[in-house]
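The values are calculated or read from the model by the stated rules, or taken from the named source; none is laboratory data. Please read all numbers here as calculations on a predicted model, not as lab measurements. Note: ideal-geometry Cβ built from the backbone for every residue, glycine included; neighbour counts use all protein chains shown. Quick note on the areas: whole protein, heavy atoms, side chains included, nothing else; ligands and nucleic acids left out. Shrake-Rupley method; radii C 1.70, N 1.55, O 1.52, S 1.80 Å.
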Amino acid sequence: MRITVLAGGIGGARFLTGLRTLGHDITVIGNNGDDVTMYGLRICPDLDTVMYTLGGGISAERGWGREDETFRVRDDIGAYVGASGTDDLPSWFGLGDLDLATHLVRAHWLAEGVPLSAVTARLCARWDPGVRLLPSTDDRVETHVTLAHGERVHFQEWWVRLHASVPATAIELFGASEARPAPGVLDAIAGADVVVLPPSNPVVSVGTILAVPGIRDAVVATSAPVVGVSPIVGGAPVRGMADACLAAIGVETSAYAVARHYGELLDGWLVDEGDKADADRLNEEGLPARAAPLLMTDVDATARIADAALSLAADVRK
Ligand code: FO1
């Protein structure tokens, strides 16, 4: 089957390690809202997390960046921060020495005029992730977060520097109105046998992919069943700070509320077995929903989750 997955970083990448074992033809549409320019380099954290995870190079401990990483460059930049008395260098962002090779190579090709989608394909030629990885857009977009006191900051500043500890009042994909889907994105949605929304952050991962004009409409219009896997288990995100993002857009942190947030996009929804009451309520309201163990503890458990999502898709086939 041709399966198209709209994936963010760590949760999406882990889900893909299980899905990939089932032997389908997988296209991943990656999130670019987390992208950021630092030291003149365009950094695409979610594309890299998918690429490194599926390519066997991810840090198992952190879930982002490279395994066996060192941070000598970042630490040395810290010395400039101390000596210069400025605080405008983003030394709070952990760019590892090995990871920097990816950012330098990407910056080199982008500066030569190679579009991000082609750059991503070239980077993946090294990592051989076993899926086709497409950015949501070749255009420059980034997620901006409005803080409670009105200041607007880049998503990474809120997420990494402030640990999402300052409440956000709005989250928007800056540059979205001029952005177009990257080559292959709309065809991958229209031509899929199944479209999957994995357990990625519904606001700053899947939400920002859908914010690129044309992508949401394509998901609504595809003849493929669209099934989602809840990133919320027992009223809390499995990992990350999705609750802070959901609060910013006024959505409750529950498997039920995230399904309702996706609304018309979904033909089926998979929740954790502990959230069976949410599935019952959604079924009563007309959305086919099932409960299954959703903790991605290892590749086998993750493959069972992916399999459950595909069997739900088969049963709700439009
Ligand atoms: N996450 C952190 O919590 N701290 C970091 O210093 C950090 C650096 C970093 C560098 C490259 C990269 O690809 C990802 C990185 N991440 C870091 C993860 C990233 O900020 C977010 O987890 C994702 O953008 C959310 O999907």
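Those helices (runs of 4 or more DSSP H) of the range 174-263 in which at least 2 residues are open to solvent by 10 Å² or more (accessible area, probe 1.4 Å), out of contact with any strand residue (DSSP E or B) (no Cβ under 8 Å at 6 or more places or on another chain) and among the charged types (D, E, K, R), considering only elements entirely within it, cover 215-221.
Where residues in the range 40-51 are more than 8 Å from the ligand (Cβ to nearest atom) and open to solvent by less than 10 Å² (accessible area, probe 1.4 Å), which of them is farthest from ALA7 (Cα to Cα)?
Initial filter on the range 40-51 (more than 8 Å from the ligand (Cβ to nearest atom)): 40-42, 47, 50-51.
Filter again for open to solvent by less than 10 Å² (accessible area, probe 1.4 Å), leaving 47, 50-51.
Working: LEU47: 9, VAL50: 8, MET51: 12 Å.
Ranking the qualifying residues of the range 40-51, first place goes to MET51.
Remark: pairs (first residue in the range 80-102, under 14 Å from ARG62 (Cβ atoms) and within 12 Å of the ligand (Cβ to nearest atom); second residue at pLDDT 95 or above and of a type in the set (Ser, Thr, Tyr); Cβ separation under 7 Å; 6+ apart in sequence or on different chains) = GLY96/THR70. Tell me, please, whether a residue that is under 26 Å from GLY23 (Cα atoms) and within 16 Å of the ligand (Cβ to nearest atom) can be found in the range 291-311. Scanning the range 291-311 turns up at least one residue that is under 26 Å from GLY23 (Cα atoms) and within 16 Å of the ligand (Cβ to nearest atom). Figure legend. Inter-residue proximity from the range 111-133: first residues at pLDDT 95 or above, second residues aliphatic (A, V, I, L, M) and open to solvent by 50 Å² or more (accessible area, probe 1.4 Å), beta-carbon distance below 9 Å, spacing 6+ or different chains. Indicated pairs: LEU116/LEU110; VAL119/VAL105; VAL119/LEU110; ARG122/VAL105; LEU123/VAL105; ARG132/ALA121; LEU133/ALA121. Pairs linking a residue in the range 21-48 that is farther than 21 Å from ILE171 by Cβ and without any contact (Cβ under 8 Å) to a residue 60 or more places away in the chain to a residue that is near the ligand (Cβ under 10 Å from one of its atoms) and in a loop (DSSP other than H, G, I, E, B), with Cβ atoms under 6 Å and 6 or more positions apart or on different chains, do not occur.
Name the one entry in LEU100, LEU133 that is in a strand (DSSP E or B) and touching a helix residue (DSSP H, G or I) at 6+ places or on another chain (Cβ under 7 Å).
Sole residue among the options that is in a strand (DSSP E or B) and touching a helix residue (DSSP H, G or I) at 6+ places or on another chain (Cβ under 7 Å): LEU133.
Hey, among the residues in the range 63-74 that are closer than 22 Å to ALA13 by Cβ and open to solvent by 60 Å² or more (accessible area, probe 1.4 Å), which one's farthest from the ligand (Cβ to nearest atom)?
By that ranking, first place goes to ASP68.
With respect to the conditions (1) more than 12 Å from the ligand (Cβ to nearest atom); (2) in contact with a helix residue (DSSP H, G or I) (Cβ under 8 Å, 6 or more places away or on another chain); (3) open to solvent by less than 30 Å² (accessible area, probe 1.4 Å); (4) of a type in the set (A, V, I, L, M, F, W, C), LEU110 lacks only one, and its number is (3). Against the list (1) without any contact (Cβ under 8 Å) to a residue 40 or more places away in the chain; (2) part of a loop (DSSP other than H, G, I, E, B); (3) open to solvent by less than 60 Å² (accessible area, probe 1.4 Å); (4) within 14 Å of the ligand (Cβ to nearest atom), the condition ILE77 fails is (2).
Only one of the numbered conditions (1) open to solvent by 70 Å² or more (accessible area, probe 1.4 Å); (2) touching a strand residue (DSSP E or B) at 6+ places or on another chain (Cβ under 8 Å); (3) in contact (Cβ under 8 Å) with a residue 60 or more places away in the chain; (4) not basic (Lys, Arg) is violated by ASP315, and that is (3). Just so you know, in the range 88-107 the residues that are closer than 25 Å to VAL141 by Cα and of a type in the set (Asp, Glu) include one that is least open to solvent (accessible area, probe 1.4 Å), and it is ASP99. Anything in the range 78-119 that is aliphatic (A, V, I, L, M) and closer than 19 Å to GLU67 by Cα? List them, or say none. Passing the criteria: LEU95, LEU98, LEU100, ALA101, LEU104, VAL105.
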